[in-house]
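The values are calculated or read from the model by the stated rules, or taken from the named source; none is laboratory data. Keep in mind that this is a model prediction, so the values were computed, not measured. FYI the Cβ positions are ideal-geometry reconstructions off the backbone, even for glycines, and counts take in every protein chain you see. Ligands, DNA and RNA are stripped out before the accessible areas are found, and what is left, the full protein with its side chains, is counted by its heavy atoms. Shrake-Rupley method; radii C 1.70, N 1.55, O 1.52, S 1.80 Å.
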Amino acid sequence: MMVALSLFGSACSSSPVDDRPIVVATTTILGDIVREIAGDELNVQVLMPVGVDPHEFSASAKQVAQMESAVLVVANGLGLEEGLTSVLDAVMADGVPVLKVGDVVTPRYFENGRPDPHIWFDPERMAVVARKIADRLAQVDDGLSPADWSSRGGAYAARILDTEAEMERRFGQISPERRKLVTSHMAFGYLADRFGFEVVGVVIPGGGTLGETSASALGSLAETIVAEDVPAIFVETTVSPRLSETLAAETGRDVKIVTLYTGSLGAPGSGADTYLGLLLTDTERIVDALKEG
């Protein structure tokens, strides 16, 4: 059933009324993807501000109301939005359509058996996601024909795959023996699988950012970094660098701390203020840190 919503301003307001159907995306990454596909057809709202860790985010009462008024909520799922689980369940129970994009692809799994939610680091999976988002937008908005929505999803999926090809080309500057990653938490498993890297250690175990680590675990990881001759620790913009800096110091070597964008886009002008820009910016920083010379 097609749904249309109107947002009424006060009679004395000079602000224009935006009567486009509202689609809510949970993360900044999903928000960018939905906006690229939706164009001007829909009013796309994003719950999480730039720089917020999606594992820690919780919605305000105003944001919950916004989700309840949406024609579609697009979420990552797979346990990423830990603080939104009950809210997403509640809005679904109230009849709001919710697309959890992690459910439309086959996830990889952590050693503890939990699904890895960081699917956006695999462009091929995200090309599938883009097409599925377009299909769901066609179900909740009749401003365009289903064929037009499908065309938009396919066009953006093609851009994702073009970006993957560019990532592969740039990663070609890193020799196979230097494709070793140490990161803040286990966010790069999909990237490692897709592009031939090995994640040799993470500072925060368990797949999320809310876990804890011990001094002995840091000591063991420092030994691994030395044994594997890893030149850099990759720290995410949404995670405190403190433990990673401690780890680097414990190696007794000149191990670089390199910042990557993971759960959130960057600010305007960062080079990571779009999903595709995030992928290429992270790629370039990984290449600069790991290539020889």
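Of note:
- Count of residues meeting criterion [of a type outside the set (Phe, Trp, Tyr) and assigned to a strand (DSSP E or B)] in segment 219-243: 4
- Looking only at residues in segment 155-181 that are under 26 Å from Thr246 (Cα atoms) and more than 19 Å from the chain's Cα centre (by Cα), the one that is surrounded by the most Cβ atoms within 10 Å (Cβ to Cβ) is Lys180.
- In summary, Leu72 fulfils each of the numbered conditions (1) in contact with a Leu (Cβ under 8 Å, 6 or more places away or on another chain); (2) open to solvent by less than 10 Å² (accessible area, probe 1.4 Å); (3) closer than 22 Å to Gly266 by Cα with the single exception of condition (3).
- Residues being in contact (Cβ under 8 Å) with a residue 40 or more places away in the chain and either open to solvent by less than 50 Å² (accessible area, probe 1.4 Å) or touching a strand residue (DSSP E or B) at 6+ places or on another chain (Cβ under 7 Å) (or both) - total across segment 118-142: 15
- Yes/no for Ala147 being more than 23 Å from the chain's Cα centre (by Cα) and open to solvent by 50 Å² or more (accessible area, probe 1.4 Å): yes
- Scanning segment 237-269 for residues that are in contact with a Phe, Trp or Tyr (Cβ under 7 Å, 6 or more places away or on another chain) and open to solvent by less than 10 Å² (accessible area, probe 1.4 Å) yields a count of 1.
- Breaking point among (1) of a type outside the set (A, V, I, L, M); (2) modelled with pLDDT of 95 or more; (3) surrounded by fewer than 21 Cβ atoms within 10 Å (Cβ to Cβ); (4) under 18 Å from the mean Cα position of the chain (by Cα), for Gly206: (2)
- Of residues in segment 222-236 being β-branched (Val, Ile, Thr) and farther than 13 Å from Val203 by Cα, the one surrounded by the most Cβ atoms within 10 Å (Cβ to Cβ): Val230
- Only a single item in (1) part of a helix (DSSP H, G or I); (2) of a type outside the set (S, T, N, Q); (3) out of contact with any Ser or Thr (no Cβ under 6 Å at 6 or more places or on another chain) is not met by Met167, and it is number (3).
- Condition met for Asp103 (touching a Gly at 6+ places or on another chain (Cβ under 7 Å), open to solvent by 40 Å² or more (accessible area, probe 1.4 Å), without any contact (Cβ under 8 Å) to a residue 40 or more places away in the chain and not hydroxyl-bearing (Ser, Thr, Tyr)): yes
- Any chance Gly39 is under 23 Å from Ala134 (Cα atoms), surrounded by fewer than 22 Cβ atoms within 10 Å (Cβ to Cβ), over 14 Å from the mean Cα position of the chain (by Cα) and not acidic (Asp, Glu): yes
- Residue match in segment 171-179 (condition: assigned to a helix (DSSP H, G or I), in contact (Cβ under 8 Å) with a residue 40 or more places away in the chain and under 23 Å from Pro115 (Cα atoms)): no
- Figure legend. Inter-residue proximity from segment 55-69: first residues open to solvent by 50 Å² or more (accessible area, probe 1.4 Å), second residues of a type outside the set (Phe, Trp, Tyr) and in a helix (DSSP H, G or I), beta-carbon distance below 6 Å, spacing 6+ or different chains. Indicated pairs: Ser58/Gly83; Glu68/Val91.
- Among the residues making up segment 82-95, those that are open to solvent by 10 Å² or more (accessible area, probe 1.4 Å), touching a residue at least 12 places away in the same chain (Cβ under 8 Å) and closer than 14 Å to Thr26 by Cα are Glu82, Gly83, Val87.
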